[in-house]
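The values are calculated or read from the model by the stated rules, or taken from the named source; none is laboratory data. What you are looking at is a predicted structure, and each value in this text was computed from that prediction instead of being measured. Cβ sites come from the backbone with ideal geometry, for glycine too, and all protein chains shown count toward neighbours. Each accessible area value is taken on the protein alone, full model and side chains, heavy atoms only, with ligands, DNA and RNA left out. Shrake-Rupley method; radii C 1.70, N 1.55, O 1.52, S 1.80 Å.
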Amino acid sequence: MTIRIAVIGAGLMGADHARIVAEDLPGAALQVVCDMDAERARKVADETGAKDVADDPAMVISRVDVDAVIVASPDFTHAPLSLACIRAGKRVLCEKPLSQSPAECISVMQAEQAAGAPYVQLGFMRRYDEAYRQMKAALERGTIGRALMMHNFHRNVATPAADFTGAMAITNSAPHEFDVVRHVLGCEYRAISAFQPKRSDAVVAPVMMVLETDDDQLVNIEINNNAAYGYDTRAELVGEAGSIATNHVAYTRTDRALSTAAAYETDWRGRYAEAYRRQNRAFLQFVRTGNYPVLAASAWDGYATAVVAEAGVRALQTGQRQPVIMVAKPELYA
Ligand code: ISE
C-alpha cells in the first residue's frame, strides 16, 4: 500500500523532506505540500511532483487522502500541529524542536498517552548517522570501557539570522547534541553550565556548555554558529579503556601543491543527508506497521531536550550552574 504523505512547511527543511519523500522513499507518495506562502508551496510541489498544494495545515491533516504528515513549518507550530495529527490518528515526523516549552511538550505526551500509543517521531536525525551509530555500538560492545566524558563540537558557517543570540545557539542548535548524547550514553542530565567568550566583532560568539549526567559523566558542547570555515560537527566519546571519535565526513580529498584538502559541507543537509534518508525511511515503516522505530526520538526526548535547553539558557544568563529537573518518564516511553 502506498503511504500518502503531506509535508507542512515549504522552507529549507520542508523542501528537503519533500524531495526525500519524492525521490528516496519507495512506497511513499508526496500527496500535498502545504505552506502559507502559496508561491513557495507551488515551487516545491513543481520541483518534487507533489500531487497537490495547500495553505491550511489543519485541513491537510484531516484530508482522507493523507495517511501521514511531516511537519517542517516554523518551530512554534510544531507542538500544535503534532497535537492535531495525534487527534486525527495520523503519525507525524516533526522537525526539531517539538517545542522550546517543556510544558507544551508535556501536553503532546499527555495526548499520546490518552491515545494509547506514540504518534510523534521527532526529527533528531543524528541518531541515524553512521558515525554516531558506530559510536553507540562500540560503547555497548565494551570497546572503550565505561563512558567518562563526551566532547562535542557543532559549528555552522554563519548564523541563520542576523538577530541570532547565544540563547538561540542553545535552543536551536544544541538540541541535536543534547539528544544524541542522551541517545549514545543512555543518560539524562543532572546539571548544566554555560559560558561565552568575547568576539572582536558584532556576530554572536560561540557558547560552551558543560553538562553533568545522571551517571556522573561529563559532557561538553561547543556551539559556534559563526565558525566561517564550514559546517563541522564532531564528537569524541572517552571511556575508561579508550576513546572513539567521529571522523570528518567527505567523499573526496584533493592533493596538490604539497597539500591535501577535504571540503566541508555548507550546512547540515549535506553532512546528514544519509541520516535524513534513514530517519524518513524509519518513519515510513512506523506509519506502515505501527511499530515505533527503535532509534527514533519520541515526544519524551523532545521534552528532555526542551528542559535542558531551558536550563542552559538560564545558566548562560545567570553565569550559574543550573539543575536539570524533569518529570517522571511516562510508562508509554519506557
Ligand atoms: C538547524 O536548525 C539544525 O537543525 C541543524 O541540524 C543544526 O546543525 C543547525 O545548527 C541549526 O541551526
Checklist entry - Got at least one residue in region 182-194 being in contact with a Pro (Cβ under 6 Å, 6 or more places away or on another chain), within 16 Å of the ligand (Cβ to nearest atom) and in a strand (DSSP E or B)? => result no
Checklist entry - Within region 311-322, can one find any residue that is open to solvent by less than 10 Å² (accessible area, probe 1.4 Å) and hydrophobic (A, V, I, L, M, F, W, C)? => result yes
Checklist entry - List the pairs whose first member sits in region 252-281 and is over 30 Å from A22 (Cα atoms), whose second member is away from the ligand (no atom under 14 Å from the Cβ) and among the basic types (K, R), and whose Cβ atoms are under 9 Å apart, counting only residues at least 6 apart or on separate chains? => result T260/R253; A261/R253; A262/R253
Item to check | Which listed residue is under 23 Å from M326 (Cβ atoms), in contact with a strand residue (DSSP E or B) (Cβ under 8 Å, 6 or more places away or on another chain) and among the β-branched types (V, I, T), from T143, T213, T171 | outcome: T213
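For (1) assigned to a strand (DSSP E or B); (2) open to solvent by 40 Å² or more (accessible area, probe 1.4 Å); (3) under 30 Å from I244 (Cα atoms); (4) without any contact (Cβ under 8 Å) to a residue 24 or more places away in the chain, each residue gets a yes or a no:
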{"site": "E39", "(1), (2), (3), (4)": "no, yes, no, yes"}
{"site": "A50", "(1), (2), (3), (4)": "no, no, no, no"}
{"site": "H78", "(1), (2), (3), (4)": "no, no, no, yes"}
{"site": "I86", "(1), (2), (3), (4)": "no, no, no, no"}
{"site": "V92", "(1), (2), (3), (4)": "yes, no, no, no"}
{"site": "M109", "(1), (2), (3), (4)": "no, no, no, no"}
{"site": "R126", "(1), (2), (3), (4)": "no, no, yes, no"}
{"site": "Y132", "(1), (2), (3), (4)": "no, no, yes, no"}
Checklist outcome for this item: Checked region 140-157 for anything within 16 Å of the ligand (Cβ to nearest atom) and open to solvent by 60 Å² or more (accessible area, probe 1.4 Å); matches are F153
Next on the checklist: Tell me whether region 141-154 contains one or more residues that are more than 15 Å from the chain's Cα centre (by Cα) and under 18 Å from A297 (Cα atoms).
Outcome noted: no
Checklist entry - When you scan region 195-212, how many residues do you find that are within 14 Å of the ligand (Cβ to nearest atom), β-branched (V, I, T) and open to solvent by 10 Å² or more (accessible area, probe 1.4 Å)? => result 1
Next on the checklist: Could you list, ordered by first residue, the pairs with Cβ atoms under 8 Å in which the first is in region 179-199 and of a type in the set (K, R) and the second is at pLDDT below 95 and surrounded by fewer than 18 Cβ atoms within 10 Å (Cβ to Cβ), at least 6 apart or interchain?
Outcome noted: none
Next on the checklist: Test of understanding: among L81, L98, which residue is within 24 Å of F286 (Cα to Cα) and within 16 Å of the ligand (Cβ to nearest atom)?
Outcome noted: L98
Checklist entry - For the subset of region 236-278 comprising residues that are within 13 Å of the ligand (Cβ to nearest atom) and open to solvent by less than 60 Å² (accessible area, probe 1.4 Å), which member is nearest to K136 (Cα to Cα)? => result A275
Checklist outcome for this item: Apart from one, (1) over 18 Å from the mean Cα position of the chain (by Cα); (2) within 16 Å of the ligand (Cβ to nearest atom) all hold for G123; the odd one out is (1)
Checklist entry - Does M135 satisfy the criteria of being within 16 Å of the ligand (Cβ to nearest atom), in contact with a Ser or Thr (Cβ under 9 Å, 6 or more places away or on another chain) and of a type outside the set (D, E, K, R)? => result no
Next on the checklist: Checking the condition small (G, A, S) and either open to solvent by 10 Å² or more (accessible area, probe 1.4 Å) or not assigned by TED's automatic domain parsing to the domain that holds L139 (or both), which residue from A191, A174, A167 passes?
Outcome noted: A167
